[in-house]
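Data block below; observations after.
The values are calculated or read from the model by the stated rules, or taken from the named source; none is laboratory data. Everything numeric here is computed off the predicted structure, so don't read it as measured data. Cβ: placed from backbone, ideal geometry, glycine included. Neighbour counts: every protein chain shown. Protein only, heavy atoms only, side chains kept; ligands, DNA and RNA dropped before computing areas. Shrake-Rupley method; radii C 1.70, N 1.55, O 1.52, S 1.80 Å.
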Amino acid sequence: MTDRYAVFGHPIAHSKSPQIHAAFARQTGQDMTYAAILAPLDGFPASVAAFVATGGRGANITVPFKEEAFRLAQQRTPRAERAGAVNTLVFADGEIRGDNTDGAGLVADLTRNLHRPLGGRRILLLGAGGAARGVIEPLLDEAPAALVIANRTVARAQELADLFGRGVAACGFDTTGSGFDVVINATSASLAGELPPLSPAVFAPDALAYDMMYGRDTPFLAFARAHGAATADGLGMLVEQAAEAFFVWRGVRPETAPVIAALRHAA
Ligand code: NDP
């Protein structure tokens, strides 16, 4: 029987995950389907239960249900525990297991696709919401020289720095310091067409500016380009977190480069 997977979110119509997983399944010869399911805002657990009852094997979870999925999971991987959120569910042996592949996706995109090693480099992470929290541990595992979290509400950045320890520093946008090799925008400012008020001095020579948002040029990327930084959007992270989820479910690693290229071509 064909194995069934799905992504749950609200809204969900915009999701590229069905396209990405269909491409992975074709490429690796896996017998599976992958649907997009609009869960009601007050009915996420029931929606997941209905999917499991009809033979669902696994799911991706997107906005706004990642924290609820964390609570729903009866078992969680260490990386999901540290992220405080779950974007990948596995339904097996009558149990719901939660994982988080977002951070692994970002690190894979930075290091493998964009050829930016992070070991010994200075990283500035903008934002202290769910997206930022999910990537901190995998970034630290790359052994950067510094990881600084800057946020509009400094107290939230400080909470994350305290939670992770390991030399993570917290500050506001005006006190970041300068000369970062990689500057990652994990705020939702780009969604509103806004730019965190940064000094151009944040960019080291040859810096990479990375916006987790994808699908359009953002004020952050335009600002970075104007000050000599290389830029990348979050499309690669999206495909890489999907590849990691695919690996969790199927034990097979798909090739991501052709899928990223096809999505860019279609945009
Ligand atoms: P949250 O709502 O949890 O957090 C939002 C963060 O953005 C907070 O730190 C908030 O600051 C900050 N912020 C909001 N508006 C502004 C502004 N105008 N100026 C400066 N800072 C602002 O959102 P998420 O963490 O879940 O998501 C953040 C982004 O990451 C989204 O754009 C999302 O699309 C993207 N994302 C991309 C992924 C990918 O695969 N490429 C995966 C996951 C997320 P404060 O604390 O002060 O309110």
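What's the ranking of 143-149, 155-161 by average number of surrounding C-beta atoms within 10 Å, highest first? Intermediate values should be presented prior to the final figure.
Numbers: 143-149: 19.4, 155-161: 17.7.
Going by the mean number of other Cβ atoms within 10 Å, highest first, we get 143-149, 155-161.
If I build a Gaussian network model for the chain, linking alpha-carbon pairs within less than 10 angstrom, which residue out of I12, I184, I20 has the largest mean-square fluctuation?
So, out of I12, I184, I20, the one fluctuating most is I12.
Once the Cα gyration tensor of the chain is found, what semi-axes does its equivalent ellipsoid get, as square roots of 5 times the eigenvalues, in whole Å, sorted largest first?
On the way: eigenvalues 201, 80, 54 Å².
Whole-Å semi-axes of the equivalent ellipsoid: 32, 20, 16.
For Cα pairs less than 8 Å apart in space and 6+ apart in sequence, what is the mean separation divided by the residue count of the stretch 148-240, i.e. the relative contact order in percent? The partial results should precede the final answer.
Details: 159 pairs, mean separation 21.0, N = 93.
After rounding, I find 23 percent.
So what is the accessible area of the stretch 88-178 per residue, in Å², with the probe set to 1.4 Å? Intermediate values should be presented prior to the final figure.
Details: 3740 Å² over 91 residues.
On a per-residue basis, the stretch 88-178 sits at 41 Å².
Simple spin-label model, 7 Å along Cα-to-Cβ: T28 to R264 in nm?
Reported label-point gap for T28 and R264 is 2.3 nm.
Probe radius 1.4 Å, ligands and nucleic acids ignored: give me the carbon and sulfur share of the accessible area of the chain as a rounded percent. Mind dumping the intermediate values first?
Values: 6250 of 11720 Å².
Of the solvent-accessible surface of the chain, carbon and sulfur hold 53 percent.
Placing +1 at every Lys and Arg Cβ and -1 at every Asp and Glu Cβ, with all other atoms neutral, what dipole size does the stretch 191-267 have around its Cα centre, in debye to the nearest 20? Please list the in-between numbers first.
Numbers: 5 positive and 8 negative charges, 33 e Å.
The calculation lands at about 160 debye.
Using the crude model of +1 on Lys and Arg Cβ and -1 on Asp and Glu Cβ, and no other charge, please compute the dipole size for the stretch 34-158 relative to its Cα centre, in debye to 20. Each step should come with its number before you reach the end.
On the way: 14 positive and 12 negative charges, 90 e Å.
Taking the Cα centre of the stretch 34-158 as origin, the dipole is about 440 debye.
For the chain, give the magnitude of the charge dipole about the Cα centre (Cβ charges: +1 Lys/Arg, -1 Asp/Glu; no others), in debye to the nearest 20. Let's see the in-between values first.
On the way: 23 positive and 26 negative charges, 47 e Å.
Around 220 debye, computed over the chain.
Tabulate in residue order the Karplus-calculated ³J(HN,Hα) for the stretch 196-210, using 6.51 cos²θ - 1.76 cosθ + 1.60 with θ = phi - 60°, rounded to whole Hz; enter x for Gly and Pro.
Karplus values, whole Hz, x for Gly and Pro: x, x, 9, 7, x, 5, 5, 8, 6, x, 6, 5, 10, 9, 10.
Residue by residue through the stretch 225-239, what is 3J(HN,Hα) from phi via Karplus (6.51 cos²θ - 1.76 cosθ + 1.60, θ = phi - 60°)? Round to whole Hz and write x for glycine and proline.
Once θ is set to phi - 60°, the couplings for the stretch 225-239 become 4, 4, 10, x, 8, 6, 9, 8, 9, x, 5, x, 4, 4, 5 Hz.
Against the longest principal axis of the chain, how steep is helix 154-164, in degrees 0 to 90 to the nearest 10, with axes from Cα atoms?
Once rounded, the angle reads 60 degrees.
Springs between alpha-carbon pairs under 10 angstrom, Gaussian network model over the chain: which of G105, G119, G236 fluctuates most?
Fluctuation is largest for G119.
Taking the Cα centre of each part, how many Å lie between the stretch 52-104 and the stretch 144-201?
Using only Cα atoms, the two centres lie 27 Å from each other.
Using C-alpha positions alone, give me the convex hull volume of the stretch 76-184 per residue in cubic angstrom.
Numbers: hull volume 10.5 nm³, N = 109.
Each residue corresponds to 96 Å³ of Cα convex hull volume.
If you take the Cα atoms of the stretch 131-267, find Rg, then find the Kirkwood Rh from the mean of 1/r over all pairs, what is Rg/Rh? Mind showing how you got there, number by number?
Numbers: Rg = 15.8 Å, Rh = 16.2 Å.
That ratio is 0.98, to two decimals.
Working from the pairwise distances between different alpha carbons, so that the mean of 1/r is found and then inverted, what is the stretch 209-267's Kirkwood radius in Å? Please list the in-between numbers first.
Details: mean 1/r = 0.0791 Å⁻¹.
One over the average 1/r among Cα pairs gives 12.6 Å for the stretch 209-267.
Name the residue, out of M237, M212, M32, whose mean-square fluctuation peaks in a Gaussian network model built on the chain with Cα pairs under 10 Å.
In the Gaussian network model the winner is M32.
Could you tell me the extents of the stretch 126-173's C-alpha atoms along the three principal axes, largest first, rounded to whole Å?
26, 18, 17
Would you mind checking the tilt of helix 44-53 against the longest principal axis of the Cα atoms of the chain, expressed as 0 to 90 degrees and rounded to 10?
40
Report the far tail of the P(r) of the stretch 164-212, meaning the percent of Cα-Cα pairs longer than 16 Å.
Details: 547 of 1176 pairs.
Pairs farther apart than 16 Å: 47 percent.
What does the accessible area of E81 come to, in Å² to the nearest 10, when a probe of 1.4 Å is used?
80
Enter the angle in degrees (range 0 to 90, nearest 10) between the Cα long axis of helix 17-28 and the first principal axis of the Cα atoms of the chain, meaning the one along which they spread out most.
It works out to around 70 degrees.
Please pull out the direction-averaged projected area of the stretch 1-116, using the convex hull of its alpha-carbon atoms, in nm² to one decimal place. Display every interim value, and only then the final one.
Values: hull surface 31.7 nm².
Across all orientations, the stretch 1-116 yields a mean hull projection of 7.9 nm².
Sorted by packing (mean other beta-carbon atoms within 10 Å per residue), highest first, where do 253-263, 38-48 land?
On the way: 253-263: 16.4, 38-48: 14.5.
The most tightly packed comes first, giving 253-263, 38-48.
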